[in-house]
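The values are calculated or read from the model by the stated rules, or taken from the named source; none is laboratory data. Fair warning: this is a prediction, and the values are worked out from it, not measured in the lab. Cβ sites come from the backbone with ideal geometry, for glycine too, and all protein chains shown count toward neighbours. Remember, those area values only see protein heavy atoms, side chains included, never the ligands or the DNA or RNA. Shrake-Rupley method; radii C 1.70, N 1.55, O 1.52, S 1.80 Å.
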Amino acid sequence: MTIEIDIWSDIACPWCYLGKRRLEEAVAASGEAVSIRYRSFQLDPSQPAGVNRPHSEALAEKFNTTVDKVLEMNARLEGLGAEAGIEYRFDRYMTANTRDAHRLLHLAHERGLGPALKDRFMKAQFTEGALMDDSDTLVSLAAEAGLDEAEARAVLSSDAYADAVEADIAQAAAYGASGVPFFVFDHALAISGAQPVSTFELALQKARDAREAAV
């Protein structure tokens with residue numbers, strides 16, 4: 001009995017990385033068999049491709065605050081990340097349009113490599129400071145995750161999976177998700193945000209109970 005989990009998140013979302021790790025911890029502790037699919041969501045689709053700025057500066061401007069205030073917020077997140085085994089390096093993090101990354105994630109899903117590429121992309125974004133709208137960078141990361149380099153480059157050279165990205169975003173809106181991460185268990189139970197591990201464990205149990213009741 002495999003529990004299906006759809007996760008709406010963005011490569012640019014540090015809370016999505018934390019939520020991902022907490023869910024993985026919950027799955028490991030529960031011993032449940034799960035099938036995870038990452039869905040597309042863009043926090044800032046208006047971000048110009050190829051225009052990269054330090055994250056702290058961009059966030060300060062967006063929320064009309066100071067860089068120092070953003071650094072304080074980031075410090076808290078760095079601590080939470082460390083507890084989950086994440087090395088956040090906000091001093092390296094550069095803003096980027098994530099649309100192409102999401103298109104490659106759809107290719108990865110079709111090749112059975114969705115979780116592997118998602119993890120590689122997030123480490124590149126939040127730890128290594130990679131430019132996540134640079135085609136050569138994306139192709140290199142995709143190859144590291146097991147995708148065929150030529151196939152990945154062909155996707156980026158076309159408009160492939162653009163409709164799939166839009167469909168995911170529309171589905172998130174239909175669910176009422178205004179932000180990410182957003183988790184849906186077996187198309188029925190939704191959880192918003194990077195919740196504690198115990199919350200994900202409870203959701204897994206509820207999903208299993210619902211499946212057993214339906215048999």
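Numbers for the structure displayed
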| quantity | calculated |
| --- | --- |
| Selection count, segment 49-86, where residues are closer than 17 Å to Leu131 by Cα and polar (S, T, N, Q) | 2 |
| Unique residue being without any contact (Cβ under 8 Å) to a residue 24 or more places away in the chain, hydroxyl-bearing (Ser, Thr, Tyr) and within 19 Å of Arg37 (Cβ to Cβ) when the list is Ser192, Ser178, Ser158, Ser140 | Ser192 |
| Selected residue (criterion: farthest from Ile5 (Cα to Cα)) from residues of segment 101-119 that are surrounded by fewer than 21 Cβ atoms within 10 Å (Cβ to Cβ) and among the charged types (D, E, K, R) | Arg111 |
| Glu83 being open to solvent by 60 Å² or more (accessible area, probe 1.4 Å), closer than 26 Å to Arg21 by Cα and in contact (Cβ under 8 Å) with a residue 12 or more places away in the chain | no |
| Any hit, segment 198-215, residues being at pLDDT 95 or above, open to solvent by 10 Å² or more (accessible area, probe 1.4 Å), of a type outside the set (A, V, I, L, M) and not in a helix (DSSP H, G or I) | no |
| Every pair of residues 6+ apart whose Cβ atoms lie under 7 Å, when the first sits in segment 13-37 and is open to solvent by less than 40 Å² (accessible area, probe 1.4 Å) and modelled with pLDDT under 95 while the second is outside any strand (DSSP E or B) and not charged (D, E, K, R) | Glu32/Leu204 |
| Total residues in segment 64-76, condition touching a helix residue (DSSP H, G or I) at 6+ places or on another chain (Cβ under 6 Å) and open to solvent by less than 40 Å² (accessible area, probe 1.4 Å) | 1 |
| Flag for Arg89 being open to solvent by 40 Å² or more (accessible area, probe 1.4 Å), under 13 Å from the mean Cα position of the chain (by Cα) and among the basic types (Lys, Arg) | no |
| Top-ranked residue in segment 1-60 [being of a type in the set (Asp, Glu) and part of a helix (DSSP H, G or I); ranked as farthest from Arg120 (Cα to Cα)] | Glu57 |
| Test: residue in segment 38-53 that is out of contact with any Ser or Thr (no Cβ under 8 Å at 6 or more places or on another chain), modelled with pLDDT of 95 or more and under 27 Å from Lys206 (Cβ atoms) | yes |
